[in-house]
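Worksheet: one structure, shown below.
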Amino acid sequence: MVVGDGGRELSVAGGMLGRVLSVVLDLVLPQTCAGCGAKGARCCGRCLAELTARPARRLPRPRLPGTPDCWSASPYEGAVRKAIVAYKERGAVALAGVLAEALAFTALTAIGRTGAPWAARGFAVVPVPSGRASIGARGHDPVGRLAELAVRRLRMFGVPAVPWAALSQARRVVDQAGLSSPQRAANLAGSLRVALAAKGPPAASVLLVDDIVTTGATVVEAARALRAAGVSVPMAVTVAATRRRS
């Protein structure tokens, strides 16, 4: 068994190799839609419509204390679920643009429907961070990339958004699978912090982004860490949302 820093380096190298191979295969093999398997683009027109047709407020139930207003592009099901899994876990990095479009469109919809006076003054877009081990295994930072691309699209529409990769892991957490909402909250409590290397907040308000919201425990912890640094966190936007009752 390889342990220590050598094991971490092998994990990172393996993840990067997997990402490179995925990109090469995307270039040389016939494309199929990640959502439905149809030949053609990595996300066909029908699945793209499913991904972007239903932006809405989708708050976790029960709503944990400290949960910001939560909006998502779609429920976590069907083609949307398959596309997220393909991008996040199977190295389909070509889907980043499509998923970022869904994030940006959802953010625009949420800002428009709620009024959001904080948005007019400019805001920072902060991705919920993945752990170093996850980034190493996957070979990329899926949510960080989505946040960068979403900011570019928002700015194309004149929205005064700026990227701010502010958060980092303060400690390790156990696998969340199978945990109830209170258990997830306890598992994540105090697990995030504003990174020591991060510059001061570029704006007074933050829009959190993530791929999926389930119980809301992750966005609550991210919001807590950011609020402790003196910024407001009025809203979180995700690609998808799945409701889960404790």
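The values are calculated or read from the model by the stated rules, or taken from the named source; none is laboratory data. Just so it is clear, the structure is predicted and the values come from calculations on it, not from any experiment. Note: ideal-geometry Cβ built from the backbone for every residue, glycine included; neighbour counts use all protein chains shown. When the accessible area is computed, the model is the full protein with side chains, heavy atoms only, and any ligands, DNA or RNA have been set aside. Shrake-Rupley method; radii C 1.70, N 1.55, O 1.52, S 1.80 Å.
Scanning the stretch 159-192 for residues being at pLDDT 95 or above and among the small types (G, A, S) gives a total of 1. The requirement of being surrounded by fewer than 21 Cβ atoms within 10 Å (Cβ to Cβ), at pLDDT below 90 and within 20 Å of I212 (Cα to Cα) is fulfilled somewhere in the stretch 74-89, by at least one residue. Among the residues of the stretch 92-110, write down those that are out of contact with any Phe, Trp or Tyr (no Cβ under 9 Å at 6 or more places or on another chain) and open to solvent by 10 Å² or more (accessible area, probe 1.4 Å). Correct list: G97, E101, F105. The residues of the stretch 39-59 that are under 24 Å from A116 (Cα atoms) and either in a helix (DSSP H, G or I) or among the polar types (S, T, N, Q) (or both), listed by number, are L51, T52.
Does the stretch 50-73 contain any residue that is modelled with pLDDT under 80 and either within 28 Å of P163 (Cβ to Cβ) or over 15 Å from the mean Cα position of the chain (by Cα) (or both)? No: zero hits. Taken over the stretch 143-168, the residue count meeting the criterion of being touching a helix residue (DSSP H, G or I) at 6+ places or on another chain (Cβ under 6 Å), open to solvent by 30 Å² or more (accessible area, probe 1.4 Å) and part of a strand (DSSP E or B) is 1.
Quick one: would you say T114 is open to solvent by 50 Å² or more (accessible area, probe 1.4 Å), farther than 24 Å from A161 by Cα and not hydrophobic (A, V, I, L, M, F, W, C)? In short, no.
Being open to solvent by 60 Å² or more (accessible area, probe 1.4 Å) and in contact (Cβ under 8 Å) with a residue 40 or more places away in the chain, is that true of even one residue in the stretch 38-48? Yes, the conditions are met somewhere in the stretch 38-48.
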